[in-house]
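The values are calculated or read from the model by the stated rules, or taken from the named source; none is laboratory data. Here the structure is a predicted model, which means the values were calculated and not measured. Cβ: placed from backbone, ideal geometry, glycine included. Neighbour counts: every protein chain shown.
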Amino acid sequence: MNTLVELAEKRINRRKFLAGVGAAGAATALAGCQSTGVNPGPTVNVGLVDTDYLNFALNLEYLEAEFYLRAATGQGLLPADNSATLNAVTIPAGTVVGGAKISGLSAAQQNILNELAYDEQAHVRDLRLLLSGLSTSSLTAAVSLPNLDFTNGFNAVASAAGIGSTFNPFQDWDHFLVGAFLFEDVGVTAYNGIAPLISPIGVAGPTNFLANAAAILAVESYHAATIRATIVGNTVAAGGVSNYPYFTYANQISTLRGTLGGGNETPLTLPGGTTSSPTASTIVPATTTNATAFSRTTDQILHIVYGKAGAGVSSGGFFPNGMNGHITVTQS
Amino acid sequence: MATQETQILDNIIASRRALLVGGGAALAALAMPKTAKAASTVASYGDTDILNFALNLEYLEATFYYYAAFGTDITVANGSAGAQTITGAGTAGGPVVIKPNAKVPFTNLTVASYALETAIEEGKHVNFLRTALGSAVVARPQIDLQNSFNALATAAGSPLPTTFDPFLNDANFLLGAYIFEDVGVSAYSGAAPLFTTTSSGKGYLAAAASILAVEGYHAGLIRTVLNASDNGIIFPTYPAGTLATATQKISTVRSNAAKALAQGTPNLDASPDDYGFGQAAAQVTLGAAAVKVNRSQLVDADLTNATAFERTTSQVLNIVTIGNAVTAGTQAKGGFFPNGLNGTFS
């Protein structure tokens, strides 16, 4: 391995390690730095800065972009969009397991998939540009694409949710909608959770962190509504849940997200009643009292995408080797 | 060093806040000196001013959806949709200008259930913002849900008729809702970074972000349903493709209004800040596959960055008054708010 790359990665690991230790453990942490293989323990969000939250979001955008791009085209992000640079040394992107172009789509379905893929590719670029506006010789720069695993990730979700032992969202349009359902509401709750943690005025103009996070949050909400409304519409068109199991799959995933992600879920419901006196749909997942969107902590998001509850979880599910950056290990 | 950085940040903050508040006027003056300017600047404002601006918009949305779902004003409770209080500072509006018996005679159960969900949620937003504002809350201003739609539809042009009734049927209701939802998103998106860094300001920001997300869901829902229905079968009064055309025309009106451009010339602006849901004009290139593809526009966002448009208060004012916020420093009146909004941003 290139020595500079090795040094750079060591530095990343060291920073990760330090970030993963609370103030209370700082003294022992310094001693632990000398040896390898020390479990850094749960992360404590002490000293996290705007760029850490943006890099956390970037990991999620990588996940979504790779998912949609592979579904739409069979391939993932361009190399220029997935590597990282540290001290003028390129840190290569991770590998992605699974994902294939969905065949048999109508033109309208392909158009929607293309839009989702383009938007998420753009969000990866947005965040990388925001982060690269800062020094690329420091760890405030964008992290690279982490290792992703769609095959085992979705299989694990399907098992835990009670859908079955395997699940392939790249099989057809209906399976795809369930896979997209899993990611989109997560993205909304993640951005909603980090928005208030970002300095209101980070950098001016188009590189304002908060403004960009808010504007991406809005787009994730549009996406999530599209997926939810399409699943409901398909179920109605099919003549009910018994003819369209994907509605039930989506709600099983919602239940699983709630279990791992601190509640914060509103399951889908089918239109009921009469046209003059209907029952309300639940396209928007929101609090009952105020109709405000749910927000999740970074821990809750990690639990969902790693597929595991509890403190000290550092990888799993869609991220077989964990996320990249400073927010990678659950603290609760 | 720290001091210098702080000073730079302060300057950035000051200029950014000024730009966002007065952006309509400032940008119009810079880029298009011959066009009318949007009404502008507020010298100083606080977090509650931003919330009250949002409340005016929530009053408007809730009133529209309550009438569509129930045929009654937001002051009347209907099942899960609670009765809302509309009193407060400023000039309280009289009865809403609207046709009699405005409850939409829905024929599509799915659309009816969406209307009900949205009515309930917008009502809760009114209540939520009023609670957050406490004694600083403004009253609901005069609202017009009749002449406003006619004026907007006239500006948009065919296939929208010059007399446009959003309460006539399912499809018209969806188009009426379309007019509001993306505007709410752009308003909240523009306002989010304006809150102060005080603890209460951060709390307001969290609340505004949570409402922004819900408005995004609503807008995405409306656009998705319109897209799925644009086949001439579900809504026979609109032949296949006309709903996409109608939303593009409405988006053009909104964009022209936001940018203080004259209405009626569809392609006046080379870089609009608003798009209908139909297929995008330009193809995009996807990932390592490097394929050029068509795409839908179910998200109303910047075509390159896929970030939602952020509008200044002046730009939003110009939209909801349908281009009448043209004189800087004077009250913007017209359209949905014939007597203007209540609060500092009016």
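Quick check: is even one residue across the range B:264-278 within 11 Å of chain A (Cβ to nearest Cβ), within 20 Å of the chain's Cα centre (by Cα) and assigned to a loop (DSSP other than H, G, I, E, B)?
yes
For the range B:92-104, how many residues are surrounded by 14 or more Cβ atoms within 10 Å (Cβ to Cβ) and not basic (Lys, Arg)?
Counting residues in the range B:92-104 that are surrounded by 14 or more Cβ atoms within 10 Å (Cβ to Cβ) and not basic (Lys, Arg) gives 7.
Please work out if A:THR73 is of a type in the set (Ser, Thr, Tyr), within 12 Å of another protein chain (Cβ to nearest Cβ) and either over 28 Å from B:GLN297 (Cα atoms) or touching a residue at least 24 places away in the same chain (Cβ under 8 Å) (or both).
Spelling it out, A:THR73 is indeed of a type in the set (Ser, Thr, Tyr), within 12 Å of another protein chain (Cβ to nearest Cβ) and either over 28 Å from B:GLN297 (Cα atoms) or touching a residue at least 24 places away in the same chain (Cβ under 8 Å) (or both).
Could you say which residue among A:LEU54, A:LEU78, A:LEU113 is touching a helix residue (DSSP H, G or I) at 6+ places or on another chain (Cβ under 9 Å), surrounded by fewer than 23 Cβ atoms within 10 Å (Cβ to Cβ) and modelled with pLDDT of 80 or more?
Answer to the selection: A:LEU78.
Considering the range A:57-80 alone, what residues qualify as being of a type in the set (Gly, Ala, Ser), assigned to a helix (DSSP H, G or I) and more than 11 Å from A:VAL124 (Cβ to Cβ)?
To start, the set of residues in the range A:57-80 that are of a type in the set (Gly, Ala, Ser) comprises A:57, A:65, A:71-72, A:74, A:76, A:80.
Adding the requirement that they be assigned to a helix (DSSP H, G or I) leaves A:57, A:65, A:71-72, A:80.
A:ALA71, A:ALA72, listed by residue number.
On the given criteria, is A:ALA213 at pLDDT below 95, at the interface with chain B (Cβ under 10 Å from one of its Cβ atoms) and closer than 25 Å to B:PHE277 by Cα?
Details: at pLDDT below 95: yes; at the interface with chain B (Cβ under 10 Å from one of its Cβ atoms): yes; closer than 25 Å to B:PHE277 by Cα: yes.
Against the criterion (at pLDDT below 95, at the interface with chain B (Cβ under 10 Å from one of its Cβ atoms) and closer than 25 Å to B:PHE277 by Cα), A:ALA213 qualifies.
This table checks each residue for (1) under 25 Å from B:GLY334 (Cα atoms); (2) touching a residue at least 24 places away in the same chain (Cβ under 8 Å); (3) in contact with a helix residue (DSSP H, G or I) (Cβ under 9 Å, 6 or more places away or on another chain).
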residue: B:THR245; (1), (2), (3): no, yes, no
residue: B:ASP273; (1), (2), (3): yes, yes, yes
residue: B:GLY287; (1), (2), (3): no, no, yes
residue: B:LEU298; (1), (2), (3): no, yes, yes
residue: B:THR304; (1), (2), (3): no, no, yes
residue: B:SER314; (1), (2), (3): yes, yes, yes
residue: B:ASN318; (1), (2), (3): yes, yes, yes
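Just give me the residues in the range B:203-225 being facing chain A (nearest Cβ under 8 Å), of a type in the set (A, V, I, L, M, F, W, C) and touching a residue at least 40 places away in the same chain (Cβ under 8 Å), in sequence order.
B:ALA207, B:ILE211, B:VAL214, B:ALA219, B:LEU221, B:VAL225
Which condition number does B:LEU194 fail, the rest of (1) within 30 Å of B:ASN52 (Cβ to Cβ); (2) modelled with pLDDT of 90 or more being met?
Condition not satisfied by B:LEU194: (2).
Restricting the range B:176-202 to residues that are over 30 Å from B:TYR114 (Cβ atoms) and touching a residue at least 12 places away in the same chain (Cβ under 8 Å), which is farthest from the other protein chains (Cβ to nearest Cβ)?
Once the filter is applied, the top-ranked residue is B:SER200.
When the residues of the range A:206-249 are filtered to those that are surrounded by fewer than 24 Cβ atoms within 10 Å (Cβ to Cβ) and aliphatic (A, V, I, L, M), which remaining residue is nearest to A:GLN109 (Cα to Cα)?
Within the range A:206-249, the match that is nearest to A:GLN109 (Cα to Cα) is A:ILE231.
Taking the criterion of being farther than 17 Å from A:ALA291 by Cβ, within 14 Å of chain A (Cβ to nearest Cβ) and buried (at least 24 other Cβ atoms within 10 Å of the Cβ), would at least one residue in the range B:120-138 satisfy it?
Taking every residue of the range B:120-138 in turn, none turns out to be farther than 17 Å from A:ALA291 by Cβ, within 14 Å of chain A (Cβ to nearest Cβ) and buried (at least 24 other Cβ atoms within 10 Å of the Cβ).
Being without any contact (Cβ under 8 Å) to a residue 12 or more places away in the chain and not in a loop (DSSP other than H, G, I, E, B), is that true of even one residue in the range A:301-309? Give the derivation first.
In the first step, residues of the range A:301-309 are kept if they are without any contact (Cβ under 8 Å) to a residue 12 or more places away in the chain; the result is none.
Checking the range A:301-309: not a single residue is without any contact (Cβ under 8 Å) to a residue 12 or more places away in the chain and not in a loop (DSSP other than H, G, I, E, B).
Given the conditions (1) more than 17 Å from A:ASN192 (Cβ to Cβ); (2) under 15 Å from the mean Cα position of the chain (by Cα), report the number of the one that A:LEU256 does not fulfil.
Just one mismatch for A:LEU256, condition (2).
Might you let me know whether the range A:270-293 holds any residue that is surrounded by 23 or more Cβ atoms within 10 Å (Cβ to Cβ), aliphatic (A, V, I, L, M) and away from every other protein chain (no Cβ under 14 Å)?
no
I want to confirm something. Restricting to the range A:92-122 and keeping residues that are in a helix (DSSP H, G or I) and of a type in the set (D, E, K, R), which single residue is farthest from the other protein chains (Cβ to nearest Cβ)?
Looking at the filtered set, the residue picked out is A:GLU120.
Considering only the range B:105-136, state which residues are more than 14 Å from B:ALA207 (Cα to Cα) and either among the small types (Gly, Ala, Ser) or free of Cβ contacts under 8 Å to residues at least 40 places away in the same chain (or both).
Residues satisfying the conditions are B:LEU109, B:ALA112, B:SER113, B:ALA115, B:GLU117, B:ALA119, B:GLY123, B:GLY134, B:SER135, B:ALA136.
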